[in-house]
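Read the structure below first, then the notes.
The values are calculated or read from the model by the stated rules, or taken from the named source; none is laboratory data. Everything quoted here is computed from the prediction, not taken from an experiment. Cβ placement follows ideal geometry from the backbone for every residue including glycine, while neighbour counts extend to all protein chains displayed. Accessible surface areas use protein heavy atoms only, side chains included; no ligands, DNA or RNA. Shrake-Rupley method; radii C 1.70, N 1.55, O 1.52, S 1.80 Å.
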Amino acid sequence: MNTNFILPDELKQFARYNEPMARHTTFKVGGAADIYFKPEAVDFPDAASKILNYAKQHDIPVFILGGGANIVVSDSGIRGIVLDTSGYSGAYVMETVLTLHSGTLSDTAAAYAKDASLTGLEFLSGLPGTIGGAVFMNARCFEHSISDVIFEVDYIDLDTLRRIKYSHNAAGWDYKKSPFQKGSQLILDVRFKLKNGSKPDIEKPMHKYKTEREQKGHFRYPSAGSVFKNNHAFGKPTGKIIEELG
């Protein structure tokens, strides 16, 4: 483990050394990160910029961590810096646009939308991980993709460290693919264009989706939920094909 990084005083308050990644992944496995940062929401944008700038100046690799739901960390851990976004959680509403900080849990995001009587994010109910990760992966379940409702995304370009606003363009998205997989970015805030709805009507599918996840055993053991990527052109879900093959 490399613990010889000399951090400036303004970053020391956010740092933990040799942090076990098993504490921060849904599979509950993984060795230690050299330096682990988890700034809370009020500090996050400014602290993240300073952390990324420090890493760039000292040529230290940075791993961006969301909810830890789509990764398996080896026992040897992660070298360099892990920047955990999960402390950057929160939301605000303007008419039918819901803005979410990238570290907001997907399940919490669905609840925020419901509380604002906005429909369009019900399919995220019970989904592991964060909104930033869901955007990066273009999360899809129950015949809905997160790209269906994305309006804008604010992010930091990790090469230039500039803050950039992305406006949704359908051409950059596909099944489990997003334009953010082609570069190196830290997603900060995501705006969703939703529709007005009634809370009872919104709650019904949310309850249905969460119940289905429970019945499939997603919450029984350390899990990342569904793990197969489907080939829709083939006509059947991958899990079904594997089951039929025995």
Completion exercise
Listed residues SER167, SER86, SER117; largest mean-square fluctuation, Gaussian network over the chain with Cα springs below 10 Å, found at SER167
Handout entry: Sulfur and carbon atoms: percent of accessible area, segment 7-96 [1.4 Å]
Key = 51 percent
Problem - Positive-end residue of LEU121, ALA233, LEU186, charge dipole of the chain with Cβ unit charges - result: ALA233
Exercise for the section: List the residues of segment 172-204 whose backbone N lies under 13 Å from a point placed 7 Å from the Cα of ASP157 along the Cα-to-Cβ direction. Expected result: 183-186
Exercise for the section: Run the quick spin-label model on GLN215 and VAL227: label points 7 Å from Cα toward the beta carbon, then report their separation in nm to one decimal. Expected result: 2.3 nm
Handout entry: DSSP-defined beta bridges in the chain - what % are antiparallel, rounded to 5
Key = 80 percent
Practice task
Quick one: work out the % antiparallel among DSSP beta bridges in segment 1-142, nearest 5.
Solution key: 55 percent
Exercise for the section: With a 1.4 Å probe and every protein chain kept in, tell me what percent of the accessible surface of segment 157-246 is carbon plus sulfur. Expected result: 51 percent
Practice task
Compute log10 of I(q)/I(0) for segment 132-246 with the Debye formula, placing one identical point scatterer on every Cα and leaving out solvent, at q = 0.10, 0.16 Å⁻¹, to two decimals.
Solution key: -0.42, -0.97
Exercise for the section: Compare ALA41, ALA134, ALA69 in a GNM of the chain, Cα atoms joined below 10 Å, and give the one with the largest fluctuation. Expected result: ALA41
Practice task
State, as an integer percentage, the relative contact order of segment 1-48 based on alpha-carbon contacts under 8 Å between residues 6 or more apart.
Solution key: 34 percent
Handout entry: Label-point separation in nm, HIS58 to VAL42, each point 7 Å along Cα→Cβ
Key = 2.7 nm
Fill in the blank from the handout: Counting only protein heavy atoms and rolling a 1.4 Å probe, one gets per residue an accessible area for segment 3-43 in Å² of 54 Å²
Practice task
Give me the accessible area of MET137, 1.4 Å probe, in Å² rounded to the nearest 10.
Solution key: 60 Å²
Practice task
Calculate how steeply helix 106-115 sits against the longest principal axis of the alpha-carbon atoms of the chain, using the helix alpha-carbon long axis, and give the answer as 0 to 90 degrees to the nearest 10.
Solution key: 60 degrees
Completion exercise
Full extension between ASN18 and PHE142 adds, at 0.36 nm per residue less the Cα distance, a length in nm of 40.8 nm
Exercise for the section: Using the Cα centre as the reference, give the magnitude of the dipole from point charges on the C-beta atoms of segment 19-148 (Lys, Arg: +1; Asp, Glu: -1; all else neutral), rounded to the nearest 20 debye. Expected result: 280 debye
Exercise for the section: Run the 1.4 Å probe and let me know the accessible area of THR130, rounded to the nearest 10 Å². Expected result: 10 Å²
Practice task
Give the share of C-alpha pairs in each 5 angstrom bin for the chain, from 0 to the last occupied bin, in whole percents, shortest bins first.
Solution key: 1, 6, 13, 16, 18, 17, 13, 9, 5, 2, 1, 0
Completion exercise
Only helices counted: for the chain, with every DSSP H run of 4 or more residues adding -39500 (n - 2.57) and the sum spread over all residues, [θ] at 222 nm is -7000 deg cm²/dmol
Completion exercise
Pairs over 18 Å Cα to Cα, from LYS210/LYS240; LYS165/LYS193; LYS114/LYS165, come to LYS210/LYS240; LYS114/LYS165
